[in-house]
Every structure is written in C-alpha cells, then in structure tokens.
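A.B. asks: My structure is below; once you've seen it, I'll send some questions.
All of the numbers you see were taken from the coordinates with simple rules; none came from a lab. Keep in mind that this is a model prediction, so the values were computed, not measured. Here the Cβ positions follow ideal geometry from the backbone for every residue, glycine too, while neighbour counts run over all protein chains shown.
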Amino acid sequence: MAENLFQELQEHFQALTATLNLRMEEMGGRIEDLQKNVNDLMVQAGIESSAQEQMARPY
C-alpha cells in the first residue's frame, strides 16, 4: 500500500514539474515580448535609440 502511495505521489510530482516548466517557458517568452514592446515604445518616444543604433556605436 505504501509503495502504491509513493508511486502516485511520484507521478503527481512529475506532472506538476512538467506543468511548472511549461509555464515558466511561457512566462519567459511573454517577458521577452514585453521587453521588446517596452524598448520599441521607448524608441518611439525618443527616450532610447534603437537596438541597431546601439549595436553600431563603438564602446
């Protein structure tokens, strides 16, 4: 009986881990999109030059 309970707990843990990993990947993509949109808005507002212009500048 204890072995069955352990097996069920392990399966639930694996499913939860997979779900959390997927959600974290999705959130990472959303954060990247948000960062790009904020950067684009800053460029449009004249607050920051575009990424291409920044990359072309020598340090």
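A.B. asks: Most exposed first by the Cβ proxy, i.e. fewest other Cβ within 10 Å, how do Met27, Met42, Met1 rank?
C.D. replies: Going from least to most buried by this count: Met1, Met27, Met42.
A.B. asks: What does the charge count near Arg30 come to, summing +1 for each Lys or Arg and -1 for each Asp or Glu among other residues with Cβ under 12 Å from its Cβ?
C.D. replies: For residues surrounding Arg30, the net value is -2.
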